[in-house]
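Heads up: the structure comes next, in structure tokens.
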Amino acid sequence: MRKENHTLVQKALEVGKDDLLGDGTKLEQLERGLEILKDANTEMSEVRGLLDHKEHGLIGDAKRLNDGVHLAQDVERDVIRDEKRRRAEERRRYSMEKRKKACHGLLKDTFLIGLAAAAISTSCTLVQAMKFKKSLRENPDSLDSCVICAKEEFMYPLSMMNDFKAGVFFGKSIIDLSKIEAPAKQYDVDLKIENGSMTLIVPEDWHVHITAKNCCGKVKNLTKSQESVKDGPVLAIYAEIGCGTLVIKNED
């Protein structure tokens, strides 16, 4: 009986020993596992720190990229605005050049039209002058005169007054009747002025009556007041003035 108990105790000791040995092995394995976990935690911490660093770097890169995008957008807006301004300036310059050319063309056309009109007007006036000159009387007693593109003075100190016609075309004519003999009661005078001036000098005792067909000229009657003139002949003047001046005055 004692031997069996001894055997049982021995077996129990052996089992306890084996359990202790197994527990020691498990303890070592647990310690090794803890060390591995510590190493893993360390590596995880390092990885987490690296990831945090990378995350901060990515955030910074994203911010810089966002800033770059905003800067690019600002630059693009500036470029678009400058391009719009440039195009607007080009359109304005083009419009100004077009208007300038149109104005120059209009001025040129106007100048040419004016030149042509002046040439036509001059030609017409010269034609009238030649016709008027051909209508003059050529007898010795005639007082008719015609001035074309010149300045002439006509004096009649010993002549007899009679009806006459006088014209001036692109010039100046002075007709002095202050010393002429005038036995008749009335004399008719036809005057034509085109682009010129005519001065008619008459005695103070003459009655001057003027009938003028005036286009764009002037008529100046500087003779003595008709109310103060009693005796003397009547000088009936029929004047046709296209562009010019007619002056009737007494002798200075």
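Among LEU65, LEU222, LEU37, determine the one that fluctuates most according to a GNM of the chain built with springs between C-alpha atoms less than 10 Å apart.
Most flexible of the set in this elastic network: LEU37.
Which of LEU246, ALA184, LEU235 sits farthest toward the positive end of the charge dipole of segment 144-250, with +1 on the Cβ of Lys and Arg and -1 on the Cβ of Asp and Glu?
Farthest towards the positive pole: LEU246.
Want the number for LYS63 to ARG32: 0.36 nm per residue separation, take away the alpha-carbon distance, what's left?
6.6 nm
Using a Debye calculation, one point per C-alpha and no hydration shell, please list log10 I(q)/I(0) for segment 144-250 at q = 0.25 Å⁻¹ in order.
The Debye formula, applied to the Cα set alone, gives -1.49.
Can you give me the long-range amide H partners of LYS192? Hydrogens built in the peptide plane at 1.01 Å from N, cutoff under 5 Å, separation of 5 or more residues or another chain.
ALA166, GLY167, VAL168, GLU240
If you put +1 on each Lys and Arg Cβ and -1 on each Asp and Glu Cβ, how big is the dipole of segment 134-252 around its Cα centre, in Debye rounded to 20?
My answer is approximately 420 debye.
Could you state the angle between the C-alpha long axis of helix 2-134 and the longest principal axis of the C-alpha atoms of the chain, as a value from 0 to 90 degrees rounded to the nearest 10?
That helix lies at roughly 10 degrees to the long axis.
Sort 155-168, 125-138 by the packing proxy (mean of other Cβ within 10 Å over each peptide's residues), most packed first.
155-168, 125-138
Using amide H atoms built in the peptide plane, which far-off residues or other-chain residues are under 5 Å from PHE154 H to H?
Hits under the 5 Å cutoff: ILE174, ILE175, ASP176.
In a GNM of the chain with a 10 Å cut-off on Cα contacts, which of GLU31, GLU204, GLU83 has the highest mean-square fluctuation?
GLU31
What is the packing order of peptides 232-238, 106-112, taking the mean over residues of other C-beta atoms within 10 Å and listing the highest first?
Sorting 232-238, 106-112 by mean packing, highest first, produces 232-238, 106-112.
With +1 on the Cβ of every Lys and Arg and -1 on the Cβ of every Asp and Glu, and nothing else charged, how large is the dipole of the chain about its Cα centre, in debye rounded to the nearest 20?
About 800 debye.
For segment 73-137, state the semi-axes of the equivalent ellipsoid (square roots of 5 times the eigenvalues of the alpha-carbon gyration tensor), sorted largest first and rounded to whole angstrom.
Computed over segment 73-137, the values are 61, 4, 4 Å.
Throughout, read-outs are computed from the coordinates displayed, never taken from laboratory work. Just so it is clear, the model here is predicted, and its values are computed rather than measured. For neighbour counting, all protein chains shown are included, and Cβ atoms are generated from backbone atoms with ideal geometry for every residue, glycine included.
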